Amino acid sequence: MTDPLSSARIAIIGGGFSGVLLAINLLAHADGPQVLLIDRTGVFGPGVAYGTDEPDHLLNVRAGAMDVFADRPQDFLHWLRGPGGMPHADPSDFVQRRLFGQYIRDRLAEAIKGPGGERLSLITDDVDALRPVPGGVTLTLHRGGALAADAAVLALGNLAPTAPFPSGHPVLAHERFIADPWSADPLKMVGTGEGVFLIGTSLTMVDVTLTLRRLGHRGQLMALSRRGQLPRHHVIGPETPIEPPPAAATLSRSLQAFRAVIRDGADWRSLLDGHRPQAQALWASLPPKQRASFVRHLRPFWEVHRHRLAPAVGARIDALQAAEIFRYAAGRLVDARGGEGLITADWIPRGSGTTHRTTANWLINCAGPEAGLIRSDEPLLRQLLAEGLIRPSALGLGMDTDAQEHVLARDGQPHNRIMAVGALTRARFWQLTAAPDIRVQLERLASHLLR
Ligand SMILES: Cc1cc2nc3c(=O)[nH]c(=O)nc-3n(C[C@H](O)[C@H](O)[C@H](O)COP(=O)(O)OP(=O)(O)OC[C@H]3O[C@@H](n4cnc5c(N)ncnc54)[C@H](O)[C@@H]3O)c2cc1C
C-alpha cells in the first residue's frame with residue numbers, strides 16, 4: 001500500500017483471538033490506521049475456542065505459554081493472578097479456556113480506552129463479499145450496506161465442521177443428528193442415559209464428552225474416526241523442551257532421527273516442544289511432494305501428539321474408558337439412518353471389509369474444523385473462490401498466501417490489499433493453530449501494515 005498509514009483504513013474480518021490481537025497491535029501504534037473490526041457474533045475476543053462457557057473446557061497450552069504480547073511477558077499469568085483471580089496460578093497450570101477469552105476481552109477494552117481506541121470501529125455483521133476496487137477494497141455486509149477500506153485481513157479462524165454425509169442425506173435432517181458440536185444447547189437435549197455415537201476422536205469429541213458429562217449424561221459413548229487416534233496427554237507440571245536432531249534430507253529420515261532420540265530415553269513431548277520453534281522453517285524447506293505426503297500419512301499422528309489434552313482432561317477420558325462408558329474405534333462411517341428416537345450408524349473398521357452397525361440415541365458430528373476451502377459453505381469464501389480472488393491450497397489446508405500474508409489469487413499473483421491470518425494460512429506455515437503461533441504471524445503482519 002502506498003497511502004499514508006495514519007489515513008488508512010484496515011478492515012479485519014473476524015473478531016476472534018486473531019482479529020482482536022491484530023487490532024490491538026495496530027491501535028498500539030501512535031500513527032496506526034483506522035481499524036474496522038467485524039464479527040458476525042458481536043462478541044469480540046474469545047472466538048470459538050475461548051468463547052465456551054464450559055468450566056471443564058481447559059486450555060491445552062500451559063498458562064505460562066499463552067503469551068500474546070511480545071513486550072509483555074507472562075501477561076496472561078499476571079492477569080490470572082490479578083484482583084478476584086487466581087493468586088496462586090502457576091505457569092504450568094492448564095486453566096479454563098473461558099478465562100483466556102475474558103483476558104483477551106479485557107485487553108481489547110484497555111486498547112479501546114487507550115489513545116488509539118478512537119481509531120477502532122466494532123461492527124456486528126456477516127461479511128458476505130470482499131472485492132478489490134481502485135485504491136482499496138469494499139466489503140458487502142449481510143444486513144445491507146458496504147464498507148470501504150484500503151485493505152482487508154481475513155481472520156475467519158477455523159472453518160465450521162462439514163457434515164459427515166453429502167447434503168440431502170436424510171440423516172442430516174434427523175432430529176437426533178447434532179451437526180454443530182461447538183454449541184452446548186443441542187447437547188442439552190441428550191437424555192442422561194441415552195447412547196451417543198460421536199463422529200471424530202479429536203479435541204472436539206473430548207469437548208463434547210466433557211459437556212455431556214457436566215450436563216449429567218451417564219450413558220454410553222462411542223467415538224469413531226478413520227485412524228482411531230485419541231489426543232495424547234500433557235504431563236503435570238512444567239516441561240523442558242529438548243533440542244531436536246537436525247532436519248535430515250527427507251521427512252522419513254527426520255522421523256527416524258526423532259525415533260532414535262526417543263529410543264535413547266528422551267521424552268517425546270519435550271522433543272516435540274523443542275521442535276516447535278523450528279517447525280515452520282522445516283515445513284518451508286520441504287518439497288511439495290513431501291508436504292503432501294506428511295499431510296496424507298503423518299498429519300493425524302502429528303495432531304494428536306502436538307495438540308495434547310490438559311492432564312486433568314486426559315485423566316477423565318481415561319477414567320471413562322476404564323469404566324467402559326467411553327469406547328472408540330478406527331473406521332469409516334459409511335451410512336446412517338434415523339428411526340424413532342434412534343440413529344443406526346454403519347461403519348467399516350479400519351483394515352476390515354465387514355460393515356459394523358451401531359445403534360445409538362444420538363449421532364454427533366465431532367469431526368473438527370474443516371481444513372479445505374472447497375467444502376466450506378462460508379459465503380465469503382465461496383465468493384472469493386468463485387471470483388478467483390483466492391486460491392485453495394493444493395494440500396487442502398486453507399488458501400495460498402505469500403510471506404507477507406497476502407492471499408494469492410487464482411493466477412498465483414499476491415493481492416496486496418487482501419491478507420489472511422490464522423488457520424486459513426496453514427498451507428504456508430503448517431504450525432499455525434495455537435495462540436502462541438498465531439501471535440507471531442500477527443506481529444509480523446502488524447509491523448508490515450505499520451511500515
Ligand atoms: C475448540 C478449540 C479449542 C482450542 N483450544 C486452544 C488452546 O487451548 N490453546 C491454544 O493455543 N489454541 C487453541 N485452539 C486454537 C485456536 O484456533 C486459536 O488459539 C485461536 O483461538 C484462533 O482464533 P481465530 O481468531 O483465528 O479464530 P476464531 O476464534 O474462530 O475467530 C474467527 C471469528 O471470525 C468470525 N467470522 C468468520 N467468518 C466471518 C464473516 N464472514 N463475517 C463476520 N465474521 C466472521 C467468527 O464469528 C469468529 O468469531 C483451539 C481451537 C478450538 C477450535
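Arrange the following residues from fewest to most other Cβ atoms within 10 Å of their Cβ: Met86, Met189.
Taking fewest neighbouring Cβ atoms as first place, the list is Met189, Met86.
Seen from all sides and averaged, what is the projected area of the convex hull of the Cα atoms in segment 251-306, in nm²?
Taking the Cα atoms of segment 251-306, their convex hull projects to 3.8 nm² on average.
What dipole magnitude, in Debye to the nearest 20, does the chain give about its Cα centre under +1 on Lys/Arg Cβ and -1 on Asp/Glu Cβ?
1120 debye
Check which residues have an amide H placed less than 5 Å from Arg350's amide H, if you skip close sequence neighbours.
Residues meeting the criterion, in which the H sits 1.01 Å from N, are Ala330, Gly331, Arg332.
Only helical DSSP H runs with n ≥ 4 go in: add -39500 (n - 2.57) per run for the chain, normalise by residue count and round the 222 nm mean residue ellipticity to 500 deg cm²/dmol.
For the chain, the value works out to -9000 deg cm²/dmol.
What share of all Cα pairs of the chain, in percent, falls into each consecutive 20 Å distance bin?
23, 57, 20, 0
Please compute the contact order of the chain in relative form: average sequence separation of alpha-carbon pairs under 8 Å and at least six residues apart, divided by the residue count, as a percent.
Reported as a whole number, the value is 19 percent.
Just to be sure I understand the rule: take each whole DSSP H helix in the chain, project its Cα atoms onto its long axis, keep it if the span is 27 Å or more and its mean Kyte-Doolittle hydropathy is at least -0.5. Which ones pass?
none
If contacts are Cα pairs under 8 angstrom and at least 6 residues apart, what is the relative contact order of segment 311-415 in percent? All intermediate terms of the calculation are to be shown ahead of the outcome.
On the way: 124 pairs, mean separation 13.6, N = 105.
Reported as a whole number, the value is 13 percent.
Rounded, prolate or oblate for segment 359-451? Axes are the square roots of the Cα gyration tensor eigenvalues, ordered a ≥ b ≥ c, and the cut-off for rounded is a/c under 1.5.
The shape class here is oblate.
In a shell of Cβ-Cβ distance under 13 Å around Ile348, excluding Ile348 itself, what net charge do Lys and Arg (+1) and Asp and Glu (-1) give?
Computed value for this residue: +2.
Count neighbours as other Cβ atoms within 10 Å of each site's Cβ, and list the GluC sites (Glu not before Pro) in segment 309-390 that are DSSP loop with at most 13 such neighbours.
Here the sparse-neighbourhood loop sites are Glu324, Glu340.
Residue by residue through segment 151-158, what is 3J(HN,Hα) from phi via Karplus (6.51 cos²θ - 1.76 cosθ + 1.60, θ = phi - 60°)? Round to whole Hz and write x for glycine and proline.
7, 10, 10, 8, 10, 7, x, 6
Each reported figure results from applying straightforward, stated rules to the coordinates on display, with no laboratory input. The model shown is predicted, which means the values in this text are computed figures rather than measured ones. When we count neighbours, we look across all protein chains shown, and the Cβ atoms used for this are built from the backbone with ideal geometry, even at glycine.
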